[in-house]
1. Quick check on my filter: what residues within the range A:67-85 are within 12 Å of chain B (Cβ to nearest Cβ), in a helix (DSSP H, G or I) and over 15 Å from residue B:106 (Cα atoms)?
2. Within the bounds of the range A:46-53, is there any residue that is within 11 Å of DNA strand D (Cβ to nearest atom), away from chain B (no Cβ under 14 Å) and either more than 16 Å from the chain's Cα centre (by Cα) or assigned to a helix (DSSP H, G or I) (or both)?
3. Report, by residue number, each residue of the range B:59-71 that is of a type outside the set (Val, Ile, Thr) and buried (at least 17 other Cβ atoms within 10 Å of the Cβ).
4. Check whether at least one residue in the range B:27-44 is within 30 Å of residue A:60 (Cα to Cα), part of a helix (DSSP H, G or I) and either in contact with a Ser or Thr (Cβ under 7 Å, 6 or more places away or on another chain) or within 16 Å of DNA strand D (Cβ to nearest atom) (or both), and report yes or no.
5. Which count do you get for residues in the range B:88-105 that are farther than 18 Å from residue A:56 by Cα, within 7 Å of chain A (Cβ to nearest Cβ) and free of Cβ contacts under 8 Å to residues at least 12 places away in the same chain?
6. Name the residues in the range B:1-43 that are in contact with a strand residue (DSSP E or B) (Cβ under 9 Å, 6 or more places away or on another chain), among the charged types (D, E, K, R) and more than 19 Å from residue A:104 (Cα to Cα), would you?
7. Look at residue A:6 and say whether it is near DNA strand C (Cβ under 9 Å from one of its atoms), away from every other protein chain (no Cβ under 14 Å) and more than 23 Å from residue A:72 (Cα to Cα).
8. Assuming residue B:105 fulfils every condition listed in (1) in contact with a strand residue (DSSP E or B) (Cβ under 9 Å, 6 or more places away or on another chain); (2) not in a loop (DSSP other than H, G, I, E, B) apart from one, which condition is it?
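Every read-out reported here was derived from the displayed coordinates using simple, explicitly stated rules and does not represent laboratory data. Fair warning: this is a prediction, and the values are worked out from it, not measured in the lab. For neighbour counting, all protein chains shown are included, and Cβ atoms are generated from backbone atoms with ideal geometry for every residue, glycine included.
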2 protein chains.
Amino acid sequence: MKYCSISEASAKFNIPESTLRYYEKKGLLPLIERDEAGRRLFSEDQIALLETVICLKNTHMPISGIKQYIDLVVEGDNTIELRLEMMKNHRQAVLAEISLMTESLKGIDVKITRYTNVPRKEK
Amino acid sequence: MKYCSISEASAKFNIPESTLRYYEKKGLLPLIERDEAGRRLFSEDQIALLETVICLKNTHMPISGIKQYIDLVVEGDNTIELRLEMMKNHRQAVLAEISLMTESLKGIDVKITRYTNVPRKEK
DNA sequence: TGTTGACTTAAACCATGGTTTAAGTCGTAT
DNA sequence: ATACGACTTAAACCATGGTTTAAGTCAACA
């Protein structure tokens, strides 16, 4: 296995090192190994987990929710049902949010149209 | 013109009264009239403006940005170009965010598929 | 050997977006 | 008259999601 340092992980995902440390402290990145000097070593599994964390973060799952999910992952295969439920629920929430944004975007487009077609002295 | 009270506005958009007061204080709802007793009166124009505020909020424009926009609206017709620019920029930001969410949703769907097809004792 | 750069920690700090509280003022129904 | 519900204010409070700071350790290079 290849390991990477915090600076490499930071560069890879374009996330500040401070944020990665914060995530670890919050339990989003458990089981991170250290070298003899106490420096974090991200295994490939950790990187994959980080990718999942980022995916959940991008879809606006709160940190507490991500932690719940990660805790289930760590707990092992007998939590797969629960994880499935979580992901299904989250999926619905994400779809709802995308719908709301898409709907609200229409209001913005109306303004763009209106402001574009303002033909001199007309409201 | 019809006017409505804060409780009516609150009910209409399903937004707490405290939030409406907060928005007014932040400059998102300027020029709100009062009755003799000092109570807010939302005119139809104010309600329309509030609808815009909500639309921008739903698409994650920060309060500072919404205030900028509202300030331009209040300033009058000579700011239409600027408003158009703002809305165009915001539109791009919203599209980018929707893209990111949609893309990240794929990662979630992969998990759902994986967890759904876990056929007994297989990783 | 010493100084530089990458890392560590805990704790303090910050911005954002509200929500809650406390104290008070009205208008109206009893 | 009074008591109730709807409203007002300013200020305090809160959660979320980080970021920054201060002080220290370590490896490697000059």
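1. Matches in the range A:67-85: A:69, A:72, A:73, A:77, A:78, A:79, A:80, A:81, A:82, A:83, A:85.
2. To start, the set of residues in the range A:46-53 that are within 11 Å of DNA strand D (Cβ to nearest atom) comprises A:53.
Retained after the next criterion (residues that are away from chain B (no Cβ under 14 Å)): none.
No: zero hits.
3. Filtering the range B:59-71 for residues of a type outside the set (Val, Ile, Thr) gives B:60-62, B:64-65, B:67-69, B:71.
Answer for the range B:59-71, where residues must be of a type outside the set (Val, Ile, Thr) and buried (at least 17 other Cβ atoms within 10 Å of the Cβ): B:61, B:67, B:69.
4. First, pick out the residues of the range B:27-44 that are within 30 Å of residue A:60 (Cα to Cα): B:27-29.
With part of a helix (DSSP H, G or I) added as a condition, the list becomes none.
No, the conditions are met nowhere in the range B:27-44.
5. Of the residues in the range B:88-105, the ones farther than 18 Å from residue A:56 by Cα are B:88-95.
Subsequent filtering for residues that are within 7 Å of chain A (Cβ to nearest Cβ) retains B:88, B:90-91, B:94.
Still in the list and also free of Cβ contacts under 8 Å to residues at least 12 places away in the same chain: B:88, B:91.
Final tally of qualifying residues: 2.
6. Residues satisfying the conditions are B:8, B:21, B:24, B:33, B:34, B:35, B:40.
7. On the way: near DNA strand C (Cβ under 9 Å from one of its atoms): yes; away from every other protein chain (no Cβ under 14 Å): yes; more than 23 Å from residue A:72 (Cα to Cα): yes.
For residue A:6, the condition - near DNA strand C (Cβ under 9 Å from one of its atoms), away from every other protein chain (no Cβ under 14 Å) and more than 23 Å from residue A:72 (Cα to Cα) - is met.
8. Condition not satisfied by residue B:105: (1).
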